[in-house]
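Have a look at the structure below before the remarks.
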Amino acid sequence: MRVGILTSGGDCPGLNAAIRAATRRLISKYDFEVVGIKNGISGLVYGQTEPLSLYSVSGILPKGGTILGTSRYNPFENADDLEKIRSTLQKYELDALVIIGDVDAINVAHRLAEHGVKSVCIPTTIDNDIVETDMTPGFDTAVNIATEAIDRLHSTADSHHRIMVVEVMGRDTGWIATMAGLAGGADCILIPEVPFSIDEVSELLSKRHKRRKFSIVVVAEGAKPKGHDEPITKAKRRDAFGHQVLGGIGEYIAGELEKRTGMETRVAVLGHIQRGGTPTPYDRVLAARFGVRAADLLAEKRFGLMTALKGTHITEVPVEKVVGRVKAVDPELYEISSVFFG
Ligand code: F6P
């Protein structure tokens, strides 16, 4: 068999670990040929490839990002993209694909399967918002980075007696905010799953300030005030899949809190720092386990599946169970994080 591997959607730490694992397994155990498709789905459309060998994946395990490049590219936006994908598959004699990426990548894999393109998916995202898997590579690293930032912000908030608002990523879910906020001892965590009232947040902090003269508020980029259907954003742009480009809620909250509490307030937007750099051991191991399982599924000709973590076990699920769904934060986890508010 000849297998193409690509990474699609927002990058995250652990992509290279997944590429390496799938490539090593496909070559060493099954003697397959492996072709890297550059720049995600866009490379599949435009036929950008490079051969992958045991040599080319050597040394990439601790590297952040993806050696193949990635993009947010929707091939169902352009009428002739499907034909172009077919000719890339034919030209490079690719029997099947390993599609590594976020929920949009999995949606694309699902739609391509309806047109006869065979694939196995590996879910990866810092957001941890993909259903049917307990965790995705990238998430643990992002939580570590955000937790370290919160730890650091404590000392400056304390020294200046300020409110520090920390805006983290997560799209329409608050996984990073909840986990990093809980780990970092946040005094308030705002997530998309639980719309907030700015009056209630300022009351909470004003009460706290009688006891402690600083506060840390962690806000997920997709958090919404009660009564708002759309998140508050700085940019009014949408990406290739129609998602609103998020970011800006932190600044809004900081301004409102300063007005209401009279306390000096600053905002730190962690942004893409959360997606950069070397993956944690946890993410490397999870990506390696997913990569090996994906290779085994291909060798067994079991297509249309996504690798998944259930408890401590690696398994697989049909991609149709994943598409169109979002994994919201476990209410029990958020409830525990709120024990420490105020
Ligand atoms: O899906 C990962 C993610 O980092 C989200 O948390 C964030 O909203 C989005 O990607 C940012 O995307 P981009 O890098 O395309 O601006």
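The values are calculated or read from the model by the stated rules, or taken from the named source; none is laboratory data. On a predicted model such as this, the values are computed, not experimentally measured, just so you know. Here Cβ is always computed from backbone atoms with ideal geometry, including for glycine, and neighbour counts include all displayed protein chains. Calculation scope for accessible area: heavy atoms of the full protein, side chains included, ligands and nucleic acids excluded. Shrake-Rupley method; radii C 1.70, N 1.55, O 1.52, S 1.80 Å.
Observations on the structure shown:
- Subset of the stretch 22-31 [open to solvent by 10 Å² or more (accessible area, probe 1.4 Å) and either within 16 Å of the ligand (Cβ to nearest atom) or not polar (S, T, N, Q) (or both)]: 24, 25, 27, 29, 30, 31
- Listed by position, the strands (runs of 3 or more DSSP E) contained in the stretch 46-134 that have at least 1 residues being touching a strand residue (DSSP E or B) at 6+ places or on another chain (Cβ under 7 Å) and within 16 Å of the ligand (Cβ to nearest atom) are 96-101, 119-123.
- Restricting attention to the stretch 216-236 and to residues that are modelled with pLDDT of 95 or more and under 25 Å from residue 40 (Cβ atoms), the residue that is farthest from the ligand (Cβ to nearest atom) turns out to be 233.
- Residue check for residue 171: open to solvent by 10 Å² or more (accessible area, probe 1.4 Å), more than 14 Å from the ligand (Cβ to nearest atom) and over 19 Å from residue 254 (Cα atoms): no
- Flag if residue 298 is within 15 Å of residue 133 (Cβ to Cβ), open to solvent by less than 40 Å² (accessible area, probe 1.4 Å) and in contact with a strand residue (DSSP E or B) (Cβ under 9 Å, 6 or more places away or on another chain): no
- Meets criteria (assigned by TED's automatic domain parsing to the domain that holds residue 231 and open to solvent by less than 70 Å² (accessible area, probe 1.4 Å)) for residue 309: no
- Pair list, Cβ under 8 Å, 6 or more apart: the stretch 273-292 residue modelled with pLDDT of 95 or more, other residue of a type in the set (Asp, Glu) and within 16 Å of the ligand (Cβ to nearest atom): 275/11; 279/140; 280/140; 282/140; 283/140; 286/140
- Scanning the stretch 32-44 for residues that are surrounded by fewer than 22 Cβ atoms within 10 Å (Cβ to Cβ), away from the ligand (no atom under 16 Å from the Cβ) and not charged (D, E, K, R) yields 32, 35.
- Count of the stretch 217-245 residues which are in contact (Cβ under 8 Å) with a residue 24 or more places away in the chain and open to solvent by 30 Å² or more (accessible area, probe 1.4 Å): 8
- Looking only at the stretch 1-16, and only at residues there that are surrounded by fewer than 24 Cβ atoms within 10 Å (Cβ to Cβ) and part of a loop (DSSP other than H, G, I, E, B), the one that is nearest to the ligand (Cβ to nearest atom): 10
- Yes/no for residue 262 being at positive phi, more than 9 Å from the ligand (Cβ to nearest atom) and open to solvent by less than 40 Å² (accessible area, probe 1.4 Å): no
- Selection count where residues are part of a helix (DSSP H, G or I) and among the β-branched types (Val, Ile, Thr), scope the stretch 155-196: 3
- Which listed residue is within 16 Å of the ligand (Cβ to nearest atom), in the same structural domain as residue 232 (by TED's automatic domain parsing) and at negative phi, from 253, 249: 249
- When the stretch 135-168 is limited to residues that are within 16 Å of the ligand (Cβ to nearest atom) and hydroxyl-bearing (Ser, Thr, Tyr), the one that is farthest from the chain's Cα centre (by Cα) turns out to be 141.
- Considering the conditions (1) closer than 18 Å to residue 336 by Cα; (2) in a helix (DSSP H, G or I); (3) away from the ligand (no atom under 16 Å from the Cβ), residue 199 is excluded by exactly one of them, (1).
- Residue 131 being surrounded by 17 or more Cβ atoms within 10 Å (Cβ to Cβ) and out of contact with any Gly (no Cβ under 6 Å at 6 or more places or on another chain): yes
- Subset of the stretch 179-192 (residues that are touching a Phe, Trp or Tyr at 6+ places or on another chain (Cβ under 9 Å) and either of a type in the set (Gly, Ala, Ser) or open to solvent by less than 60 Å² (accessible area, probe 1.4 Å) (or both)): 181, 182, 185, 186, 187, 188, 189, 190, 191
- Any chance residue 149 is small (Gly, Ala, Ser), under 23 Å from residue 234 (Cα atoms) and open to solvent by 10 Å² or more (accessible area, probe 1.4 Å): yes
- Test result for residue 194, of a type outside the set (Gly, Ala, Ser), out of contact with any Ser or Thr (no Cβ under 8 Å at 6 or more places or on another chain), within 16 Å of the ligand (Cβ to nearest atom) and modelled with pLDDT of 95 or more: no
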